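**Student:** Take this structure first; my questions come after.
What follows draws every value from the coordinates through simple rules; no lab data is involved. Note that this is a predicted model, so its numbers are computed, not measured. As a convention, Cβ positions derive from the backbone with ideal geometry for all residues, glycine included, and neighbour counts pool all protein chains shown.
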Amino acid sequence: MTSDDPAEASAAGDDQLLDSIGTAFSRLRRRTSSVPIGAPVARTDVRRDLLLAIVEESDGQLSVNAVAAAMGMERTAVSRLAGSCVSDGLVERVASQTDGRSITLRLTSRGHEVLANSRHQQRRAFEYITRDWDDGERLEFARLLHKYVAASNQHASD
């Protein structure tokens, strides 16, 4: 049975829209990395860039275990990824400032360069994908996305 009430029809459409958010996030992640703006982005590059961003945000205060938790990955997989980043000169292992027995990860200048390049590529992908949007739509989307990320960070620490 369908309703002739526009408010109910709108609410049903809103529910469908909200129910499809997870699918939209999955598609966004897959499609953004395949935008034709340069060399294709490999899955390992996506994980590497995530590791670099987490290490940068922590200001060199996170262990491999903490990075693994932040990435939602197994410690052994992150340990291998971190080892690869160390070998590539992107991060270095340093003694923790708070516990000398603990080892933390810190970005090298090369790691900062790679991360900056990745962010530049992400910006280019955003501009390519939204090339038909007006500036107001782009800025509003960016503001709302940052608001969403801030809220998710707040709830992650609850």
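**Student:** Per the Cauchy relation, a quarter of the hull surface: what is the mean projected area of the convex hull of the alpha carbons in the stretch 35-131, in nm²? Don't skip to the answer; put the middle values down first.
**Tutor:** Values: hull surface 25.9 nm².
It is 6.5 nm².
**Student:** Another question, then. What length, rounded to one decimal in nm, is gained on full extension from F25 through to S152, with 0.36 nm per residue of separation minus their alpha-carbon distance? Intermediate values should be presented prior to the final figure.
**Tutor:** On the way: separation 127, 0.36 × 127 = 45.72 nm, distance 1.39 nm.
Once the chain is fully extended between F25 and S152, it gains 44.3 nm.
**Student:** Sorted from fewest to most neighbouring beta carbons within 10 Å, what does the list S63, S20 look like?
**Tutor:** Working: S63 18, S20 11.
Going from least to most buried by this count: S20, S63.
**Student:** How far is it, in nm, from the label point at E92 to the one at T130 when both lie 7 Å from their Cα along the line to the Cβ?
**Tutor:** 3.7 nm
**Student:** Quick one: which residues, 5 or more positions from I103 or on another chain, have an amide H under 5 Å from its amide H? H modelled 1.01 Å from N in the peptide plane, none for Pro or chain starts.
**Tutor:** Hits under the 5 Å cutoff: S96.
**Student:** How high is the FRET efficiency between D15 and L145 when r is their beta carbon distance and R₀ equals 22 Å, given to the nearest 0.05? Numbers along the way, then the final one.
**Tutor:** On the way: r = 22 Å, r/R0 = 0.98.
About 0.50, to the nearest 0.05.
**Student:** Treating only the Cβ of Lys, Arg, Asp and Glu as charged (+1, +1, -1, -1), what charge dipole size does the stretch 35-131 show about its Cα centre? Round to the nearest 20 debye. Kindly include the intermediate steps, with their values, before the conclusion.
**Tutor:** Values: 13 positive and 11 negative charges, 46 e Å.
Taking the Cα centre of the stretch 35-131 as origin, the dipole is about 220 debye.
**Student:** Right, here's the next one. Going 7 Å from the Cα of R106 along its beta-carbon direction, which residues of the stretch 63-99 have the amide nitrogen within less than 20 Å of the resulting point?
**Tutor:** Backbone N within reach: 63-68, 82-99.
**Student:** Could I ask something else about it? Arrange I103, I54 by Cβ neighbour counts within 10 Å, fewest through most, would you? Intermediate values should be presented prior to the final figure.
**Tutor:** Working: I103 13, I54 18.
Fewest-to-most Cβ neighbours within 10 Å comes out as I103, I54.
**Student:** What would the Debye equation give as log₁₀ I(q)/I(0) for the stretch 67-119 at q = 0.19 Å⁻¹, counting only Cα atoms as equal point scatterers?
**Tutor:** Each listed q maps to, in turn, -0.73.
**Student:** To continue, here is another question. Subtracting the Cα-Cα distance from 0.36 nm times the residue separation, let me have the gained length for E113 to R75 in nm, one decimal. Intermediate results must be reported in sequence, preceding the final value.
**Tutor:** Details: separation 38, 0.36 × 38 = 13.68 nm, distance 2.55 nm.
Answer, rounded to one decimal: 11.1 nm.
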